[in-house]
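First comes the structure, then the notes that go with it.
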Amino acid sequence: MVKVERKINGLREKINRLKKKGKTIGLVPTMGFLHEAHLALVRKAVRRDDVVVVSIFVNPTQFGEGEDYESYPRDEKRDLELLSNEGVDIAFIPAVEEMYPEEPLTFINVEKLTECMCGKYRPGHFRGVATVVAKLFNIVEPNRAYFGKKDYQQLKVLERMVKDLNFPVEIVPVGTIREPNGLAMSSRNKYLTEEERKVAKELYGSLLKARSAYRNGETSPEQLVEKIKNYLKNFPEIKIEYIEVRNKKNLEELNEIAEPAIIALAAYLGRARLIDHIELN
Ligand code: AMP
């Protein structure tokens, strides 16, 4: 059975004891409502590290006004069953008051990387993410921390934070896990109706089409974005927020794809805001 720890001090005592015995610690930060993709991160951690801590915390500071903080899906009981089945050692589930006993005055801003893509449409989001992950790193002191490529910009932001601030943590990326129809798994897929779920797979479908065009010689970002827009016009339920072609390493804008790139997009489908991307190597 996974051990539940809700207090920072309690967790620190446990971790200190384990570290004294020479155990390596792997951390998998999540917001809970776990699905197969979370478990892919967990399995990688269980394989590589002696002790695995999964944090479950719906972090209020990374949600903007009008976003889904209140309604974000939660199911602690089921999450704990799933984590027990995977052999996870500790579930760290702090209350908001435990993580933020008073209004925080200190934040981590990763510049530049957060000006594009989701950063542009969710002001303050990555500040919230970077700050809470830094807190988790200071609390858990993991040797490794596992993050999904699904949230590609988040991964880049956190890699840069670790580098710039010399956190003694190795960031381990895990590839995007998809439903059999191609839809990237996400806790927010719960918001989709059955009909919307069928349409949602077209987001990845449009990215695959763009990648084929790229492989057939189309290297203009503008043209690739146009192709995706045209394809998604067939599905008027999908409201595109952005489609951007970016340098894969530093997320800089590209005039021409001459180096590894990603096409990233965000779109609303009903109440769900979905993101996805594809790599052009
Ligand atoms: P979340 O609970 O949505 O904050 O996600 C927790 C971790 O799981 C993050 O590192 C996400 O990038 C990762 N994750 C969520 N969905 C996927 C997915 N479909 N494929 C890979 N990683 C994912």
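Tabulated data
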item	result
Value at 222 nm in deg cm²/dmol, rounded to 500, when DSSP H runs of n ≥ 4 in the chain each add -39,500 (n - 2.57)	-12000 deg cm²/dmol
Interchain or long-range residues, amide H under 5 Å from F147's placed H	V172, V174
Cα-based Rg and Dmax for the stretch 67-158, where Dmax is the largest Cα-Cα distance (Å)	15.0, 40
Residues L165 and D75, FRET efficiency given R0 of 30 Å [Cβ-Cβ distance, rounded to 0.05]	0.35
Highest-first arrangement of 144-155, 206-217, where packing means the average Cβ count within 10 Å	144-155, 206-217
The chain: antiparallel DSSP beta bridges as a percent of all, rounded to 5	50
Per residue accessible area of the stretch 1-148, 1.4 Å probe, in Å²	50
Near-label residues of the stretch 252-281 by backbone N, under 18 Å of a point 7 Å along Cα→Cβ of E218	254-259, 261-266, 277-281
Two-decimal ratio, the stretch 170-281, of alpha-carbon radius of gyration to 2.2 N^0.38 Å	1.06
Positive-pole candidate from L27, A184, Y231, dipole of the chain, charges at beta carbon	L27
E252 long-range amide H proximity, modeled H, under 5 Å	N247
Extension gain, N85 back to T193 (0.36 nm per residue minus Cα-Cα distance, nm)	36.0 nm
Rounded accessible area per residue of the stretch 230-281, 1.4 Å, Å²	50
Mean separation of Cα contacts under 8 Å (6+ apart) over length of the chain, as relative contact order %	17
Whole-Hz couplings from phi, Karplus 6.51/-1.76/1.60, listed for the stretch 69-81; x for Gly and Pro	4, 5, 9, 4, x, 9, 7, 4, 4, 5, 4, 5, 4
Where labels lie 7 Å past Cα in the beta-carbon direction, separation of K239 and R178 in nm	2.6
For the chain, diffusion coefficient by Stokes-Einstein and Kirkwood Rh (Cα), 25 °C, 0.890 mPa s, µm²/s	124
Backbone HN-Hα couplings from phi across the stretch 84-97 [Karplus 6.51/-1.76/1.60, Hz, Gly and Pro as x]	4, 4, 8, x, 6, 7, 9, 9, 9, 10, x, 6, 4, 5
Mean separation of Cα contacts under 8 Å, 6 or more apart, over the residue count of the stretch 160-281: relative contact order %	23
Accessible surface ranking that places the most exposed of H35, H277 first, with a 1.4 angstrom probe	H35, H277
Carbon/sulfur fraction of accessible area - the stretch 53-189, other protein chains in place, 1.4 Å, %	46
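The values are calculated or read from the model by the stated rules, or taken from the named source; none is laboratory data. The shown structure was predicted, so the numbers you read here are calculated from the model rather than taken from an experiment. FYI the Cβ positions are ideal-geometry reconstructions off the backbone, even for glycines, and counts take in every protein chain you see. Protein only, heavy atoms only, side chains kept; ligands, DNA and RNA dropped before computing areas. Shrake-Rupley method; radii C 1.70, N 1.55, O 1.52, S 1.80 Å.
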